[in-house]
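The values are calculated or read from the model by the stated rules, or taken from the named source; none is laboratory data. The shown structure was predicted, so the numbers you read here are calculated from the model rather than taken from an experiment. Cβ sites come from the backbone with ideal geometry, for glycine too, and all protein chains shown count toward neighbours.
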Amino acid sequence: MKTLLEKEKELFLPTYSRIPIEVERGEGVYLIDTKGERYLDFFSGLAVNALGYAHPKIVEAVCRQIGRFGHLSNNFITDVQVEFTEKLLKYSKMSRAFLANSGTEAIEGTIKLIRLKMGPEKKIYSLTNSFHGRTYGAMTLTAREKYQKGFEPLVPNVGHIEFNSLKDLEKKAGKDTAAIIFEFIQGEGGINEVSEEFIRKVVELRDRYGFIFVADAIQDGIGRSGKAFVHEYYGVEPDIIVTAKAIGGGLPLGAFLTTNSLKDVFTAGKHGTTFGGNPVSCAAGKVVLEEVFENGLLEKVLENGIYFRQELLKLKEEFPEAIKDVRGKGYMLGVELNFEASGIVKAMRDRRVLSNATNINVIRILPPLIATRADIDLYLSVLKDALKNK
Ligand SMILES: Cc1ncc(COP(=O)(O)O)c(C=O)c1O
């Protein structure tokens with residue numbers, strides 16, 4: 001009989017290199033394979049599964065909602081959409097929301113809003129080494145040859161500013177700028193934190209020239225950094241926050257959130273989606289927001305994240321030839337190695353611990369927000385063994 005991986009090769013376009021584990025089910029921070037092996041999952045479906053797997057409150061909310069109605073179309077407004085969005089706006093301190101299905105789709109809507117408000121001539125800037133998604137607008141913002149090559153022509157009037165370069169920022173941002181968008185912590189790019197100096201300069205230039213400042217918080221938002229959104233660490237206020245991944249509790253959901261000053265840019269019919277803001281996704285998302293912001297998870301992530309980072313820094317001292325840098329905040333951490341990270345990630349997987357290798361040399365650690373000190377200690381001990389046996 002063919003394995004799933006063998007069948008995969010026959011059935012799908014070859015866009016993914018799949019992890020060779022046949023998953024049976026998930027339970028909390030663990031994934032369980034068809035042989036009953038339990039894997040500590042510090043990968044979290046790439047920052048989606050904030051509450052881990054099969055969280056009882058999500059299971060209950062999803063079952064209840066699908067029993068009422070699974071989909072109604074956005075011709076209707078539903079109680080679940082309203083309840084979810086009230087909480088999302090409250091915890092993000094924003095004024096208006098558009099609900100989409102995914103991160104890339106929320107970015108596309110954001111680009112449309114920027115164009116409509118600022119006109120077609122002005123340029124939208126992102127940062128080098130960024131990742132904003134795979135659809136055309138988002139891919140054009142994603143300033144990496146690996147993702148763009150072969151797909152030209154890309155969307156016009158998009159430019160890139162060198163990551164953390166004040167000089168390049170001052171050179172490019174001005175009266176012809178429509179918007180600047182960045183991830184406060186670059187995820188796919190290797191857990192790179194935008195510097196405080198750079199952030200403050202963007203805000204200063206935004207206030208001078210009136211462009212739109214967008215935070216792509218798709219990966220680092222909804223409590224992952226130990227704050228609701230990373231910009232709170234700096235006390236700055238983006239004009240638009242884009243979010244997705246964790247907000248659907250494992251179901252597809254994305255959103256872009258605006259300040260009051262942008263609330264009238266779109267009029268009826270200017271933007272829309274069939275599935276965006278799906279009621280079942282919103283029901284699950286509401287549970288995520290309650291657990292993270294109302295039931296104490298955020299505070300735990302902040303506290304445990306500091307501990308996790310400190311322990312990784314101790315490993316850096318112990319293995320200076322292997323570890324080049326430790327970066328990130330909360331439960332979004334990166335360990336940059338002096339060599340390709342895939343070997344360590346594989347050695348850890350063989351010990352039933354999962355994380356992700358990104359941008360060649362970086363181990364990207366994205367535990368579910370429910371991960372405890374004990375889970376972190378287990379992760380650290382397996383990482384240490386893998387480094388020792390390298
Ligand atoms: C920062 C950031 N922006 C955008 C995206 C795209 O989101 P999606 O894969 O849901 O389209 C991602 C996905 O990894 C991301 O990390």
Subset of the range 120-154 (residues that are out of contact with any Asp or Glu (no Cβ under 6 Å at 6 or more places or on another chain), over 27 Å from Glu204 (Cα atoms), part of a loop (DSSP other than H, G, I, E, B) and not charged (D, E, K, R))
Gly133, Gly150, Phe151, Pro153, Leu154
Taking the range 159-173, which residues are within 22 Å of the chain's Cα centre (by Cα) and either within 25 Å of Lys245 (Cα to Cα) or in a loop (DSSP other than H, G, I, E, B) (or both)?
His160, Glu162, Phe163, Asn164
Looking at this structure, is Val265 under 22 Å from Lys123 (Cβ atoms), in the same structural domain as Ser126 (by TED's automatic domain parsing) and assigned to a loop (DSSP other than H, G, I, E, B)?
yes
Those residues of the range 334-359 which are at negative phi, surrounded by 14 or more Cβ atoms within 10 Å (Cβ to Cβ) and part of a loop (DSSP other than H, G, I, E, B) amount to Ala341, Arg351, Ser355
Looking only at the range 353-390, filter to residues that are touching a strand residue (DSSP E or B) at 6+ places or on another chain (Cβ under 6 Å) and of a type in the set (S, T, N, Q); which one of those is nearest to Tyr147 (Cα to Cα)?
Thr358
I need the full set of residues from the range 360-390 which are outside any helix (DSSP H, G or I), surrounded by 17 or more Cβ atoms within 10 Å (Cβ to Cβ) and either at pLDDT below 95 or β-branched (Val, Ile, Thr) (or both), in order please.
Val362, Ile363, Ile365, Ile370
Pairs where the first residue, in the range 165-187, is without any contact (Cβ under 8 Å) to a residue 40 or more places away in the chain and not assigned by TED's automatic domain parsing to the domain that holds Tyr331 and the second is of a type in the set (Phe, Trp, Tyr) and in a helix (DSSP H, G or I), C-beta under 8 Å, 6+ apart:
Ser165/Phe198; Leu166/Phe198; Leu169/Phe198; Gly174/Tyr209; Lys175/Tyr209
Residues of the range 219-235 that turn out to be within 19 Å of Thr104 (Cβ to Cβ) and more than 16 Å from the ligand (Cβ to nearest atom), as a count
0
What pairs come up if the first residue lies in the range 243-262 and is within 9 Å of Ala284 (Cβ to Cβ), the second is within 11 Å of the ligand (Cβ to nearest atom) and of a type in the set (S, T, N, Q), and their beta carbons are under 7 Å apart, counting only those six or more places apart or on different chains?
Leu253/Asn101
Among the numbered conditions (1) outside any loop (DSSP other than H, G, I, E, B); (2) at negative phi; (3) out of contact with any strand residue (DSSP E or B) (no Cβ under 6 Å at 6 or more places or on another chain), tell me where Tyr16 comes up short.
(1)
Residues in the range 256-315 that are in contact with a Phe, Trp or Tyr (Cβ under 9 Å, 6 or more places away or on another chain) and among the basic types (Lys, Arg): how many?
1
Say whether the condition of being within 15 Å of the ligand (Cβ to nearest atom) and surrounded by fewer than 24 Cβ atoms within 10 Å (Cβ to Cβ) is met by at least one residue in the range 251-259.
yes
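Each row is one residue, and each column tells you yes or no for (1) β-branched (Val, Ile, Thr); (2) over 20 Å from Arg224 (Cβ atoms).
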| site | (1), (2) |
| --- | --- |
| Leu333 | no, no |
| Ile344 | yes, yes |
| Asp350 | no, yes |
| Thr358 | yes, no |
| Val362 | yes, no |
| Ala371 | no, no |
| Asp375 | no, no |
| Ser381 | no, yes |
Assuming Gly36 fulfils every condition listed in (1) assigned to a loop (DSSP other than H, G, I, E, B); (2) under 22 Å from the mean Cα position of the chain (by Cα) apart from one, which condition is it?
(2)
Would the range 104-119 turn up any residue that is farther than 16 Å from Ile241 by Cβ and not in a helix (DSSP H, G or I)?
yes
If I go through the range 200-218 residue by residue, how many of them are more than 16 Å from the ligand (Cβ to nearest atom) and not in a strand (DSSP E or B)?
12
Given the condition in a helix (DSSP H, G or I), in contact with a strand residue (DSSP E or B) (Cβ under 6 Å, 6 or more places away or on another chain) and closer than 28 Å to Glu37 by Cβ, answer yes or no: does some residue in the range 284-291 qualify?
no
Among what's in the range 93-136 and is among the small types (Gly, Ala, Ser) and away from the ligand (no atom under 16 Å from the Cβ), pick the residue that is surrounded by the fewest Cβ atoms within 10 Å (Cβ to Cβ).
Gly119
How many residues, within the range 174-199, are among the β-branched types (Val, Ile, Thr), assigned to a strand (DSSP E or B) and within 16 Å of the ligand (Cβ to nearest atom)?
3
